[in-house]
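First up is the structure itself, then whatever we jot down about it.
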Amino acid sequence: MDDPAESQVVGKVVMASAPAAVAGERPASTLWWDGIVIAKNISDEEADAAFRVAMAGLSKEMVQANNDIAVWLIDGYVPGPIAMGAAETAAGGAVPYPASAQMGLMHTALGNGVGDYLTGAKDAATTLADVEAAYLTSAKEAGMVK
């Protein structure tokens, strides 16, 4: 959007917080962020070491050195123009997306399936049926659905 070689709207678009459904309330949005994952099938000592390495990397110095490559929720982060809307949404009180194993499976099924709809390769009904089938397969494999 801000690359003149790629965009015709350079300098014409700014980011803002998600609006509130009710004036003065929190933004009508949820927060998403990356996290860390530690393997379940490792020893407690290995898990502790992995956690300590991850935490050592999440420092004020790290975010200052990499400020503009992500939207950070770490002390020292200074949002630039592209990240301002996300930062304002977080500062406005948006709450985390409800995380659960079921929601993770649905997110994956939707993420994998919606592309064909967006490109016109599939219609809405086919896309929804395929997403449902993918979700049910994953949920059955995870023991969530019989």
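Laid out as a table, the results:
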{"read-out": "Summed side-chain charge close to Gly80 - residues other than Gly80 whose Cβ falls under 12 Å, Lys, Arg +1, Asp, Glu -1", "value": "-2"}
{"read-out": "Computed label-point distance, nm, for sites Asn112 and Asn66 using a 7 Å Cα→Cβ extension", "value": "2.7"}
{"read-out": "Selected from Thr126, Thr30, Thr89 as most flexible by GNM, with the chain as the system and alpha-carbon contacts under 10 Å", "value": "Thr126"}
{"read-out": "Rounded Å value of the spacing that divides the Cα centres of segment 1-31 and segment 93-138", "value": "24"}
{"read-out": "Computed label-point distance, nm, for sites Met15 and Lys40 using a 7 Å Cα→Cβ extension", "value": "3.4"}
{"read-out": "Positive-end residue of Ala90, Val78, Met62, charge dipole of the chain with Cβ unit charges", "value": "Ala90"}
{"read-out": "Stokes-Einstein D for segment 101-141, Kirkwood Rh over Cα pairs, 4 °C, 1.567 mPa s (µm²/s)", "value": "128"}
{"read-out": "Point-charge dipole on Cβ atoms (K/R +1, D/E -1) for the chain, about Cα centre, debye to 20", "value": "380"}
{"read-out": "Residues whose placed amide H lies under 5 Å from that of Ala20, excluding near-sequence neighbours", "value": "Ala28"}
{"read-out": "Value at 222 nm in deg cm²/dmol, rounded to 500, when DSSP H runs of n ≥ 4 in the chain each add -39,500 (n - 2.57)", "value": "-14000 deg cm²/dmol"}
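Rule-based calculations on the coordinates, nothing more; no lab input. Worth saying up front: this structure is predicted, and the values here are computed from it rather than measured. Every residue, glycine among them, receives a Cβ derived from its backbone with ideal geometry; neighbour counts consider all protein chains shown.
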